[in-house]
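Encoded as C-alpha cells, the structure appears first; notes follow it.
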Amino acid sequence: MHMKSLPGQLMFLCILLAAASNAQPSIGGLVLNNATLTPVAYADVVISGTQQGVACDSSGAFQLCLPPGEYQLEISALGYQTVRHRLTVRQGENAPLRILLAPAVIALSDAVLVYSEESPHHIDQWLNATDDVLQKAEGVAMIRRANFALEPTLRGLNSGQIGLVIDGMKIFSACVDRMDPVTAYVEVENLEKLEVSRGAFDLTKSASVGGTINLVTRKPDFQRPFSLQAESGYETVSRLRRLRSEVNYASANLALRGTFSIKSAGNYYAGNRILVTNSGFEKNNYKLDAVRKFAGNHIVEFSFIGDNARDIGYPVLLMDATRTKSQIYRLTHRWDSPGAGIQSLNSTVYYNRIDHWMDDYQRDVTGREVMPDMYMPMFGYTRTLGAIGEITVARGQHLLSAVLDGYRLSAFADMKMESIFPDVSDAYLLNIGDAQVYNLAFILDHQWMPSARLRVRSNLRIDHSSRDLRNEFGRRQLQGFWDNISVRQSTRIFSAGSFLEYRLGRHHILQGGLAQSRRLPTHIESYGFFLYNVTDGYFYTGNPGLAPERSRQIEIGFEQIDAPLRWRVNAYYNHIDNYISGVLQSDEFKTFANIRSAVIAGGELSATFAPGGPLRLSTSLAYTYGHNREMDEPLPLIPPLEGGIGLQYRAGGFWLGLDSRFGSRQERIASRTTREDETAGFFIVNFRARLPLAKHFEAQLGVENFLDQQYHEHLSINNLPGRGRNFYFGLSAHLPD
Amino acid sequence: MPHLRIFTLLLAAMLAFSGCSDNSTEPQTTDDPTESMVLIGEDSAQNTRISVYAPEQPAVGYNRIYVRMTNTTNNTVVNNGSIAITPMMNMGQMQHSAPFEDPAGGAAVDGLYPCAVNFIMAGMWELHVNFQNQANNDAGEIMLNFDVAPSSMVKSATGADARLYFVTLLQPAVPTVGLNDFEITVHYRENMNAFPAITDAAVEMTPSMPSMGHGSPNNVNPVHGEMGHYRGKVNFTMSGDWRIDLNLSRGDSLLTTSFDINVP
C-alpha cells in the first residue's frame, strides 16, 4: 500500500498522537519468515476492512497506536502469504506481537468467498443458494436439468473431466442420470468458499483434464463463544419456503457448530409467467462440526453432513427423483509446526454414502416416445471410503507438499420396467452392476522461489486405479457388448504440470503454465449400462476397455493486484486425445469410446474496482471454444460468451447489490453427436439488499430476473427455461449482535 | 510372546492349507452316463435289448436321445452295432414322421448311440429303432410308445415355395441376460415320412422387446454348421419378455417366423 514508504513518519505521528492525547495505547511487533525466522522487511500491517495501517522497517519491526478494542490485522509482504491476526488492544502496555509469514504459494485456484474471513470485501453470503455462488466463479457454467442442484461445468468440461470435491473428499453421484451433483450437499450457509482451479495445474485434489472445484465448508469458530442464528425466507417464483439455523459454541480448546436447513418449493415460473410443471422439491440438510485443539499444535476435526431430499421434479427428464439420502463423514487431524522444516502434517479419513431413488409414477407413460407404456423405477447408490495424508516441508527457497490420496468407490444402480399392461411381464436391468473402483494417488506439489519476483509451482501426480464389476448379472449384460474385453481393468496414469508467476512490479504479475495430464474414465463410462441420454436420445453403454483421456494444455495470464482496480486476463488451449464420447453402436445404442481428439480453448477476463469507499464494481467475461475433431463439429454443452457485472454498496450493516448475468447467442452446436440447437442470448438483472432492522434482526430481500426475461441457457438440457422474475425476502435473527 | 503368536499363525496357515487339499478330493464319479437321464422305453428282440434314454422327458422341439444296445445272452453292451431310428406319429387315418438325426458315424460313444428327434407335435409318438447287433449277427426292430409334451420350441411356416418348413429353437435353452449362444435347425416336409434339413439358408435374426419397442446390439446372425443346424449369438440386454424374429432366405425371401423368450 502507499503507506509503505512512510514507516518513520507514521511511527512519529503515532508517538506524537500518543503523547498529545495520552489515550492511544501503542502496540509493537516483529514480522519474521516462518521458515528461516529472519525478519521480513517492509511488510504491510493493515487493519482489516480499513485503509489504516503501517509498514515495517527494514528489520521487520512495526508500531501501531490504536484505541482499546478488538482488531484484526492483515500482514502482507511481497513473496509471502498474507496472514490475519486477531488482537485485543488494552489500555496501557501491550505485549509485542510476533508474526510469522510463510512464503507465498502460487494460487492455482481462485476462491469465491462466501463466509470466509480471508477478505471481508468478498463476502457473497447474501446469495440464496450454492448454485448462485458457483455461477459467480469464472469459467464455471451450470447444466440445468431442474430447479434443483445444477451441475457445474468448468471451461466447457464436465462430469469426470473435472474434479468436484467437498473439503477434498471424493463423493460420487448415485444417480446415473446425473440428477445429484455433489454440490447439492453443501448449503450456502455451510459454504466458506469455493476453490476453483482451472486447468490441470493443481493436481493435488484430482487427476482431471479440466480442473477441480473444491467446496470448502464452514468450520466452528473459536472466536465466537456462543452464537445462534435463524433465518426464514420466501421466494415467489416457486413458492419456496426456507428455514435455516446455525449454532456455534466455543471454549478454549473445543468448538462446535451445527446447522439445519429445510426448503420446500413448488413448480417454478419461467419468464412471462410460464409454469414449468414437475419442478418442485423438498429438501433438508444438516451439518455438524467439532474441532478440538490439543497441546503441541494438534487439531482434530470431525464433520458430518446429512442431506435428504424428496419429490424433486425433473421437467426435462423422463422421471423424477422421489428421494435422495446422503451422509458424509470426515475426520481430520492437523498439525502445524511452530518452527522451520516440516510445516504441517494433515491426515483425513472419510466415508460417504449416497442413495438415490427415482421413478415416473407421476408421469403419463402411455405411448410416450421412449419406453412407452412402462414405468421405470430406478435406484442407485455410491459408497466411498477414502483417506488423504499430506506433509508440507519448507527448505530454503523450496516448499514441497507430498500427498497420498486413496479411495474405494462402490457403485450400484438398477432399473425395473413395469408395463401398464398386466399381461406383459416386468423387465429388469442393472445400470451399474456393483462397480468397485480402487484409486491410489501420490502427488508432489513443489514450489520454488528463486527470487522475490519469480515463483514456479510444479505438480506431479501418479494414479493407480483398478476396477471391476462384482455382480454376475451386470457382468453378463456388459459382456453382451464387450465379449472380448475383460471388465476387470487396472491402469496407472501420470500427470504433471508447471505454472510460473513473474512479478513485473508491485502490482503486476505475468503467469504461464504447461501441463500434461490424464484422467481415468468414470465408473459410469466404464460400466454404465442402458443409460438414457436426453440430449441425444440414445441409450449409452459403458466400455471397460476405455483408455484414459490425455490432455496437453497451455495457459498464459496477466494480473494486476493490490490496487483499487484489480484485473486479470488469461487464455488457455487444451488439446485432449482419447477424448471420451458416445459413439453410435447400433440404431438405438451408443457406447462410450475414445475418439481421436478434441480441443477446448478460451479465455477469461475479470476486473474489480474497489476505490475504498462503500462502492465496489466487479465484472467478468468468459469465452469457451470446443471442437470435436473426430466429427469435425463443435463439442456439446459449451457455454457461449458469458459474463456478469455487479455493483455493491456497503455502509454499516446496510448492503445493496445490483448485478447482471448475460450470455451471447450460441451458434456453435453439436448437431451430429447430439440434438443440440442454437441458443439465443440472454440478459438477467438482479437486485439484492440486506438491511439491519433492530438489534438482533436483519432483513434480506431482492428480485432476481427483474425484467422477467423468458430465456434458457445453452447448458439447459432440452432448453429448460430459466426462472422468471423472483421476489425473495428473508428475516434473520442472531444472538449475540 | 511374539514367537508364540507367529507359531500360532503358521499352524493356522498349515491347517488351512491341509484343509484345502482334503477338500480337493473329487467325489467318485460313475461311468454310466445314463444315470442322469430318463429311460424313455426299452424292448428286446433277437437276443438284443434296446434301451432309449433322454436327458429329460420328450417335448416338442429338438430332443437328444441315446440308444443303448445290450446283448441279452451275456448282458454285455454292444458298441460296434448300428442304429437307425424312425419317429412316427400315428393319427389313425394318416401318419407322419418328424425330422431326426441318426448316430453320426454310426458308432456308440460310451456305450450309447446318440440320435436326435425334432418332435413337431405334442402327443403319443412311436419310435422305431432298427438295429444290427454285430456281436451275434442279429438284426431287428423294436418300437416304443411315449408321450411328447407340448412346447413352443418348434415353429412351422409355409415358405414362399409353398413348402411347409419347421424351424426349431435349440439355444438358448436357459436364456440369461447378456450374450447367449443361439442355435436353430431348419427342415422342410418333403412328404409325410421325409423331413430333410435345409443347409443353405441365410438367416437374419432380430431380437426385440415388443413391450418396449427396442432391440439389442451385438447379435450374430446364425450360419449353417451341419445337418440343418444354424448357430449365432443373441444378446439380451435385460430380463423380461423378448421376441426373436427370424427371416430366412435362399436367394429370395423364404419365410419369417419368431420365438418368444422370457429371460429371467
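The values are calculated or read from the model by the stated rules, or taken from the named source; none is laboratory data. What you see is a predicted model, and the numbers here were worked out from it, not measured in a lab. Neighbour counts are summed over all protein chains in view; Cβ atoms, including those assigned to glycine, are modelled from backbone coordinates with ideal geometry.
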Quiz item: Looking at (1) within 14 Å of another protein chain (Cβ to nearest Cβ); (2) outside any loop (DSSP other than H, G, I, E, B); (3) on the phi < 0 side of the Ramachandran plot; (4) crowded, with 16+ Cβ neighbours inside 10 Å, which is the only condition residue B:230 fails?
Solution: (1)
Quiz item: Does residue A:444 satisfy being more than 14 Å from chain B (Cβ to nearest Cβ), among the hydrophobic types (A, V, I, L, M, F, W, C) and either within 30 Å of residue B:175 (Cβ to Cβ) or touching a Lys or Arg at 6+ places or on another chain (Cβ under 9 Å) (or both)?
Solution: yes
Quiz item: Among the residues of region A:529-543 satisfying the criterion of being away from chain B (no Cβ under 14 Å) and buried (at least 17 other Cβ atoms within 10 Å of the Cβ), which is nearest to residue A:499 (Cα to Cα)?
Solution: A:535
Quiz item: Any chance region A:676-686 includes a residue that's among the acidic types (Asp, Glu) and crowded, with 17+ Cβ neighbours inside 10 Å?
Solution: yes
Quiz prompt | Condition check for residue A:478: in contact (Cβ under 8 Å) with a residue 60 or more places away in the chain and either assigned by TED's automatic domain parsing to the domain that holds residue A:585 or crowded, with 16+ Cβ neighbours inside 10 Å (or both) | solution = yes
Exercise. Could you check how many residues of region A:560-578 are part of a loop (DSSP other than H, G, I, E, B) and within 20 Å of residue A:626 (Cα to Cα)?
Key: 0
Quiz item: Can you name the number of the only condition in (1) away from every other protein chain (no Cβ under 14 Å); (2) among the hydroxyl-bearing types (Ser, Thr, Tyr); (3) assigned to a strand (DSSP E or B) that residue B:199 fails?
Solution: (3)
Practice problem: Filter region A:635-647 down to the residues that are touching a strand residue (DSSP E or B) at 6+ places or on another chain (Cβ under 6 Å) and surrounded by 20 or more Cβ atoms within 10 Å (Cβ to Cβ), then identify the one that is nearest to residue A:132 (Cα to Cα). | Solution: A:644
Quiz item: Which of the following residues is assigned to a loop (DSSP other than H, G, I, E, B) and among the polar types (S, T, N, Q): B:247, B:235, B:218?
Solution: B:218
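So that you can scan it fast, the table gives a plain yes or no per residue for (1) without any contact (Cβ under 8 Å) to a residue 60 or more places away in the chain; (2) out of contact with any His (no Cβ under 9 Å at 6 or more places or on another chain); (3) within 28 Å of residue A:703 (Cα to Cα):
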site	(1), (2), (3)
A:247	yes, yes, no
A:291	no, yes, no
A:303	no, yes, no
A:306	yes, yes, no
A:310	yes, yes, yes
Quiz item: What pairs can you find where one residue is in region A:160-189 and surrounded by fewer than 24 Cβ atoms within 10 Å (Cβ to Cβ), the other is assigned to a helix (DSSP H, G or I), and their Cβ atoms are less than 6 Å apart, with a gap of 6+ or different chains?
Solution: A:183/A:130; A:188/A:130
Quiz item: In region A:612-628, is there at least one residue being in a strand (DSSP E or B) and within 14 Å of chain B (Cβ to nearest Cβ)?
Solution: no
Quiz prompt | Residues within region A:454-480 that are more than 8 Å from chain B (Cβ to nearest Cβ) and closer than 20 Å to residue A:521 by Cα, tallied | solution = 13
Exercise. Looking at (1) more than 12 Å from chain A (Cβ to nearest Cβ); (2) among the acidic types (Asp, Glu); (3) in contact (Cβ under 8 Å) with a residue 60 or more places away in the chain; (4) under 30 Å from residue B:90 (Cα atoms), find the lone condition where residue B:260 falls short.
Key: (1)
Practice problem: Specify which of the listed residues (B:225, B:213, B:178, B:140) is surrounded by fewer than 17 Cβ atoms within 10 Å (Cβ to Cβ), within 14 Å of chain A (Cβ to nearest Cβ) and among the small types (Gly, Ala, Ser). | Solution: B:213
Exercise. Collect the residues in region A:609-635 that are in contact (Cβ under 8 Å) with a residue 40 or more places away in the chain and closer than 18 Å to residue A:140 by Cα, keeping them in residue-number order.
Key: A:620, A:622, A:624, A:625, A:626, A:635
Practice problem: Consider residue A:420 carefully, then state whether it is within 10 Å of chain B (Cβ to nearest Cβ) and of a type in the set (Val, Ile, Thr). | Solution: yes
Quiz prompt | All positions within region A:515-528 that are more than 14 Å from chain B (Cβ to nearest Cβ) and outside any helix (DSSP H, G or I) | solution = A:515, A:516, A:517, A:518, A:519, A:520, A:521, A:522
Quiz prompt | Boolean, residue A:587 is among the acidic types (Asp, Glu), surrounded by fewer than 18 Cβ atoms within 10 Å (Cβ to Cβ), in contact with a strand residue (DSSP E or B) (Cβ under 9 Å, 6 or more places away or on another chain) and within 23 Å of residue A:671 (Cβ to Cβ) | solution = yes
Practice problem: Give the residue, chosen from B:163, B:250, B:243, that is more than 14 Å from every other protein chain (Cβ to nearest Cβ), at negative phi and touching a Phe, Trp or Tyr at 6+ places or on another chain (Cβ under 9 Å). | Solution: B:163
Practice problem: Filter region A:481-514 down to the residues that are buried (at least 18 other Cβ atoms within 10 Å of the Cβ) and closer than 28 Å to residue A:435 by Cβ, then identify the one that is farthest from the other protein chains (Cβ to nearest Cβ). | Solution: A:495
Exercise. May I ask you to list the residues in region A:61-81 that are assigned to a loop (DSSP other than H, G, I, E, B) and under 8 Å from residue A:47 (Cβ atoms)?
Key: A:66
